[in-house]
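Undergrad: Please read through the structure below; I'll follow up with questions.
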Amino acid sequence: NGSLYVLATPIGNLADVTLRAIAGFHAADIVLAEDTRVTGSLLAAYGISKKLVSLREHNEREMAASVIRWLQEGKIVVQVSDAGTPGISDPGARLAQAVWAAGLRVVPVAGASAVIAALSASGLDTARFLFHGFLPPKRGQRCKTLQQWQDADYAVVCYEAPHRILECVEDVAATLGAERPLILARELTKTFETFLRLPAAELAERIRSDSNQQRGECVLIIDAAAPVAQTADSLPAPALALLAELAAVLP
Ligand code: SAM
């Protein structure tokens, strides 16, 4: 039986492709692509020509049956998305699940992903983080979603469309506070790569006044909330007793 190779492609810079990805493309009998034109030009850039079959969210289930048949015939099937790692805010999960369920193998060909690229250069503490992917497009639902990270002690990574980035940052300022530290990572690995690191309200102002910031692809990182200052109520009893003693003797 053949295997399904879930293969990562660059998120911008065409040099960010692995040797294993190139070998995988060469070996493939069939390449499943989101937009066959996008993958066609990527392959052309590497001098590779392959049979491309469209795999999108709406046909993933029915394509799974064909893919399983191809794998049982011993074919090598490679799945890619338009950019980055398939299955990460991109189609792929249902197909992988069906292939595993059929007793066949799914093999990751690891590579670029915008979430990891943004985090890795952010300078933030990434010991723990939450990847949320795309926030709801409507303001009400988006604010409700944001609300849950009010006291988060970990960074939250979101993907956002450029035409919604301003609204989204405004909503962060409104729900999580004007001072919440944010990082906007834009056009990663490309010519106009930018990292803006500002409190929410200032970032909104910056995006509003510079329309370039509303172009291209972007990752928004909402940093952890500042630790809550200790109040007298939250101190342990021995500390409170000591404070009382000191208060009595100090001028
Ligand atoms: N599967 C992809 C991955 O592994 O990163 C993500 C696909 S998702 C449909 C596309 C979103 O990823 C964009 O809207 C943007 O938020 C983010 N993205 C992709 N490439 C990017 C880049 N070069 N710079 C910043 N964000 C990027």
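The values are calculated or read from the model by the stated rules, or taken from the named source; none is laboratory data. Predicted model, so just to flag it, every value in this text is computed and none were measured. Don't worry about glycine lacking a Cβ; one is built from the backbone with ideal geometry, like all the others, and counts go over all protein chains shown.
Undergrad: Please state which one of 27, 96, 8 is within 30 Å of residue 193 (Cα to Cα) and modelled with pLDDT of 95 or more.
TA: 8
Undergrad: State yes or no: is residue 115 within 20 Å of residue 194 (Cα to Cα), within 11 Å of the ligand (Cβ to nearest atom) and either assigned to a loop (DSSP other than H, G, I, E, B) or in contact (Cβ under 8 Å) with a residue 40 or more places away in the chain (or both)?
TA: yes
Undergrad: If you don't mind, another one. Looking at this structure, is residue 90 more than 14 Å from the ligand (Cβ to nearest atom) and either hydroxyl-bearing (Ser, Thr, Tyr) or under 30 Å from residue 172 (Cβ atoms) (or both)?
TA: No, not satisfied.
Undergrad: Moving to a separate point now. Within region 58-74, does at least one residue satisfy the condition of being within 12 Å of the ligand (Cβ to nearest atom), under 12 Å from residue 6 (Cβ atoms) and in contact with a Leu (Cβ under 8 Å, 6 or more places away or on another chain)?
TA: No - not one qualifying residue is present in region 58-74.
Undergrad: Among (1) under 24 Å from residue 12 (Cα atoms); (2) surrounded by 15 or more Cβ atoms within 10 Å (Cβ to Cβ); (3) of a type outside the set (A, V, I, L, M), there is one condition residue 180 misses while meeting the rest; what is its number?
TA: So residue 180 meets the others, but not (1).
Undergrad: Listed residues 78, 115; which is among the hydrophobic types (A, V, I, L, M, F, W, C), surrounded by 15 or more Cβ atoms within 10 Å (Cβ to Cβ) and closer than 11 Å to residue 3 by Cα?
TA: One residue alone meets the criteria, 78.
Undergrad: Take the residues of region 1-24 that are away from the ligand (no atom under 16 Å from the Cβ) and farther than 22 Å from residue 97 by Cα: which is surrounded by the most Cβ atoms within 10 Å (Cβ to Cβ)?
TA: Across region 1-24, the extreme among qualifying residues is 22.
Undergrad: Go through region 150-194 and count every residue that is in contact (Cβ under 8 Å) with a residue 60 or more places away in the chain, aliphatic (A, V, I, L, M) and more than 17 Å from residue 122 (Cβ to Cβ).
TA: Residues meeting the conditions: 0.
Undergrad: Specify the residue that is surrounded by the fewest Cβ atoms within 10 Å (Cβ to Cβ); the eligible residues are those in region 192-250 that are farther than 30 Å from residue 118 by Cα and either charged (D, E, K, R) or touching a Leu at 6+ places or on another chain (Cβ under 8 Å) (or both).
TA: 233
Undergrad: Surrounded by fewer than 16 Cβ atoms within 10 Å (Cβ to Cβ) and in contact with a helix residue (DSSP H, G or I) (Cβ under 7 Å, 6 or more places away or on another chain): is that true of residue 49 in this structure?
TA: Here the answer is yes, as residue 49 does meet what is asked.
Undergrad: While we're on this one: Applying the selection to region 156-195, what residues are among the acidic types (Asp, Glu) and either within 17 Å of the chain's Cα centre (by Cα) or closer than 19 Å to residue 141 by Cβ (or both)?
TA: 160, 167, 170, 171, 187, 193
Undergrad: Can you tell me which of (1) within 19 Å of the chain's Cα centre (by Cα); (2) without any contact (Cβ under 8 Å) to a residue 60 or more places away in the chain is the one residue 138 doesn't meet?
TA: Condition (1) is where residue 138 drops out.
Undergrad: Filter region 127-144 down to the residues that are more than 16 Å from the ligand (Cβ to nearest atom) and either farther than 18 Å from residue 180 by Cβ or of a type in the set (Ser, Thr, Tyr) (or both), then identify the one that is surrounded by the fewest Cβ atoms within 10 Å (Cβ to Cβ).
TA: 127
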